[in-house]
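Below is one structure, written out as structure tokens, with a few remarks after it.
Just so it is clear, none of the values below were taken in a lab; they were calculated from the coordinates. Owing to the predicted nature of the structure, the values given are computational and were not obtained by experimental measurement. Here Cβ is always computed from backbone atoms with ideal geometry, including for glycine, and neighbour counts include all displayed protein chains.
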Amino acid sequence: MQTPESIFSGLKVVDFASYIAGPAATTILSDFGATVIKVEPPGTGDPYRHFYAVPPNPISEHNYAWQLTNRNKRGLALDLKSPAAREIVTRLAQWADVIVVNFPPKIKEKLGLTYEALAPLNERLVYADLTGYGTKGPEADKPGFDITAYWARTGLMQVTRDGDSPPTLPVPGIGDHATASTLYSAIVTGLYRREKTGKGSHVSTSLIAEGAWAAAAWIEGGLNGARYRDRRGRKSPPNALLNPYRTADDRWLLVVLPASKDWPLLIDAMQLPALLDDPRFANEAARAENAAALVAILDEAFARQPLEYWKKTFDAGRVIYGVVQIADEIINDRQMYENDIFVPLAEPTGNATHTVNSPVQVAGVQKVSPGPAPQLGEHSDSVLADLGYGADEIARLLAEGVVSKHGTSA
């Protein structure tokens, strides 16, 4: 599964986290060669195993979500509530370079998984702590998800809706994957500090912190007393030149004109010369004041030609735009393959030959080829053996239900 040139070959990681953000951070580590043990409760496993089958996710008989987030990991099914699990957790902490948890503070305390409990067992341990709402304050123990802590709480769901339309649900995992990258950065920072000091550390982030960082350009305005503009819809936006438009074949194209010098380029490409002499659109202030009128003109013009026409025309005219791609276009996007955003699976599953790569690249370093995600408890016995348990002890732990192996396949 691992390649000698991988940056984190030899790095040992224990992933106690569930769902997406925490596990996705350890996926990035595994992509660069780290050995990751995925710990789940026996019987049910990580609830994320069943996420792919929940609407409105794309329908498939293959557990694509689990494969994406837990590739290349070893599976240990461990009942953390069992008193007998404490010794296993101790050995895991002594074995590991990195431990990732995402339990609320009270649950961490109850399970013996706090930094204070584990750090004395291994002075070089980097303990990575992910929460929904942070570790302090009245909501520290409140369960947090991408949709609640990242999108709703930080206002992102409010500002991304159109006009007076109600907030809509984004693609699941957007905030989780952004947070995973930040958690990965925190872990790597902790490892770098360990290289300098020889000591481990407690690193952390939260979904709410990541959401605030994502929305920081506007939140910072609020912190500085800025006045927010009234909510306006697509037909009457604050800026008609930063706006989506529908083409003749019912596709959407996003116009992005960041500077006044781009205005003549758009007018020339769309063959609307009269707009250059129209006083309503003479400068940025005038175009903002008359945005609704400009949208109406552009709507009519865009509706005359299909998307491909506008793509060719705008490319030739150096007009900045973005195509709102549909599913088939996304998975066949040449840019994704050319830049290793989509990479081949080590073992193709069903119709899938590629998977989405983690976003970090290091020139000259080959990542581990994406292998299969573990079945529930698939490697329980071998993980325990690596921790020093003998065959009889492993058999006893299995018989007592402290651990299980080869559980229900995801």
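Figures for the structure shown
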| item | result |
| --- | --- |
| Modelled FRET efficiency - R0 45 Å, K12 with A248, Cβ distances, 0.05 increments | 0.20 |
| Long-range HN-HN contacts of S18 with modeled amide H, under 5 Å | N102 |
| Check: the chain dipole with +1 on Lys, Arg Cβ and -1 on Asp, Glu Cβ, in debye | 780 debye |
| In order through region 102-109: 3J(HN,Hα) via Karplus (6.51 cos²θ - 1.76 cosθ + 1.60), integer Hz, x for Gly, Pro | 9, 7, x, x, 5, 5, 4, 5 |
| Tail fraction, Cα-Cα pairs, the chain, threshold 41 Å, whole percent | 28 percent |
| Cα gyration tensor shape for region 242-329, rounded if a/c is under 1.5, else prolate or oblate | prolate |
| Value of [θ]222 nm, deg cm²/dmol, for the chain, DSSP H segments ≥ 4, -39500 (n - 2.57) each, nearest 500 | -10000 deg cm²/dmol |
| Gap separating the Cα centres of region 200-272 and region 51-117, nearest whole Å | 37 Å |
| Tilt relative to the chain, helix 307-317 - C-alpha long axis, 0 to 90 degrees, to 10 | 80 degrees |
| The chain: relative contact order in percent, alpha carbon pairs under 8 Å with at least 6 residues between | 21 percent |
| Neighbour-count ranking [beta-carbon atoms within 10 angstrom, fewest first] of M336, M270 | M336, M270 |
| Dipole axis of the chain (+1 Lys, Arg; -1 Asp, Glu on Cβ), positive-most option in V368, A128, P167 | A128 |
| Helix axis angle, 174-197 relative to the chain longest principal axis, alpha carbon, degrees | 50 degrees |
| E347-I326 FRET efficiency (beta carbon distance; Förster radius 35 Å; 0.05 resolution) | 0.75 |
| Residues whose placed amide H lies under 5 Å from that of D162, excluding near-sequence neighbours | none |
| Neighbourhood charge, 12 Å Cβ-Cβ cut-off, centred on D31 and excluding it, Lys, Arg +1 and Asp, Glu -1 | +2 |
| Residue list for region 227-248, given a label point 7 angstrom along the Cα-to-Cβ vector of A274 and an amide N cut-off under 17 Å | none |
| Local net charge near P238, Cβ-Cβ under 9 Å (Lys/Arg +1, Asp/Glu -1) | +1 |
| Which of L294, H354, A117, positive extreme of dipole for the chain (C-beta unit charges) | A117 |
| Cross-link partners of K110 among aspartates and glutamates (Cα-Cα below 20 Å; sequence separation of 8 or more within a chain) | D15, E40, D46, D79, E87, D129, E139, D141 |
| Modelled FRET efficiency - R0 45 Å, K142 with E61, Cβ distances, 0.05 increments | 0.80 |
| Size of charge dipole - region 242-329 - debye, nearest 20, with Cβ of Lys, Arg +1 and Asp, Glu -1, no other charges | 140 debye |
| Normalised contact order of region 242-329, rounded percent, pairs of Cα under 8 Å and 6 or more residues apart | 44 percent |
| Filter on K12/K199; K106/K142; K367/K405; K108/K199 - keep pairs with C-alpha separation over 19 Å | K367/K405; K108/K199 |
| 13 Å Cα-Cα reach of K261 towards aspartates and glutamates, excluding residues that sit fewer than 8 places from it in its own chain | E284 |
| Gain in span if fully extended, A395 to R232, counting 0.36 nm per residue against the direct Cα distance | 52.2 nm |
| Label-point gap, in nm, between E289 and E338 - each point 7 angstrom along Cα→Cβ | 4.4 nm |
